[in-house]
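Bear in mind that the values in this text are calculations on the coordinates, not laboratory data. Here the structure is a predicted model, which is why all the values come from computation and not from measurement. Every residue, glycine among them, receives a Cβ derived from its backbone with ideal geometry; neighbour counts consider all protein chains shown.
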């Protein structure tokens, strides 16, 4: 009787471990959390496991300090805020930005379930005429600002995460005074950290 009780307890323990570790079914992986610090406050968010190439690249760049000191160089109220151009770190006032990258692109990871809703974190990219595969910039990203989202971009730009807290910060950055090229007149710097 003791052997049977022990065996049943052992089997139950194995079943609990398998269920909690995600084995035997869909693999469950902990979502990566991040925070973007700005002078207007913090934006906290998560990266999607459904877009592993973009997730891992963002984590690598953030952990290396790549984004620290870069600017939100393009802001459009009712559309999005964009950053991640490495040339923005040393850019002069009024300098056009948006062409810099770390020297590589990331293959598109489109997923119909991942939409351009308010707060969506997505990868910027060059236009279709020079980029027919719609590969993403290696570092530039944007965050969707309007309440209704920007769903006309779905399945054309890779959405790889979302802001979960700090929507007021998105709005403050989007409404910053800017020049004719949508660059804020006063630099808005970022620092990106991965939250363990």
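Of 157, 142, how do they rank once you tally other Cβ atoms within 10 Å and put the fewest first? The partial results should precede the final answer.
Numbers: 157 20, 142 25.
Ordered from fewest to most neighbouring Cβ atoms within 10 Å, 157, 142 come out as 157, 142.
When the Kirkwood radius is taken over all Cα pairs of region 132-196, what Stokes-Einstein diffusion coefficient follows at 10 °C and 1.306 mPa s, in µm²/s? Present the calculation step by step, with values, prior to reporting the outcome.
On the way: Rh = 14.3 Å.
Answer, rounded: 111 µm²/s.
Taking 8 Å as the Cα distance limit and 6 or more residues as the minimum spacing, I'd like the relative contact order of region 91-196 as a percentage.
Values: 154 pairs, mean separation 31.1, N = 106.
Contact order relative to length: 29 percent.
Using 7 Å Cα-to-Cβ label points, what is the residue 130/residue 191 separation (nm, one decimal)?
Once both label points are built, they end up 3.4 nm from each other.
In nm, give the distance between the simple-model label positions of residue 152 and residue 37, each being 7 Å from the Cα along the Cα-to-Cβ direction.
Those two pseudo-labels are separated by 3.8 nm.
Spin-label point model (7 Å from Cα, Cβ direction): what's the residue 28 to residue 167 distance in nm?
Computed distance between label sites residue 28 and residue 167 equals 2.8 nm.
Taking every eigenvalue of the Cα gyration tensor of region 67-124, multiplying by 5 and rooting it, what semi-axes result, largest first, whole Å? Provide the component values of the computation, followed by the final result.
Values: eigenvalues 111, 50, 14 Å².
One finds semi-axes of 24, 16, 8 Å for region 67-124.
Please compute the contact order of the chain in relative form: average sequence separation of alpha-carbon pairs under 8 Å and at least six residues apart, divided by the residue count, as a percent. Walk me through the numbers on the way to the answer.
Working: 399 pairs, mean separation 59.4, N = 196.
Once divided by the residue count of the chain, the mean separation gives 30 percent.
In whole angstrom, how far apart do the alpha carbon centroids of region 134-196 and region 103-127 sit?
11 Å
Neighbouring Cβ atoms within 10 Å as the yardstick, rank 175, 139 fewest first. Let's see the in-between values first.
Working: 175 14, 139 24.
Listed from fewest to most nearby Cβ atoms, that is 175, 139.
How large is the direction-averaged shadow of the alpha-carbon convex hull of the chain, in nm²? Please report the intermediate quantities before stating the final value.
Working: hull surface 55.5 nm².
Reported value for the Cα convex hull: 13.9 nm².
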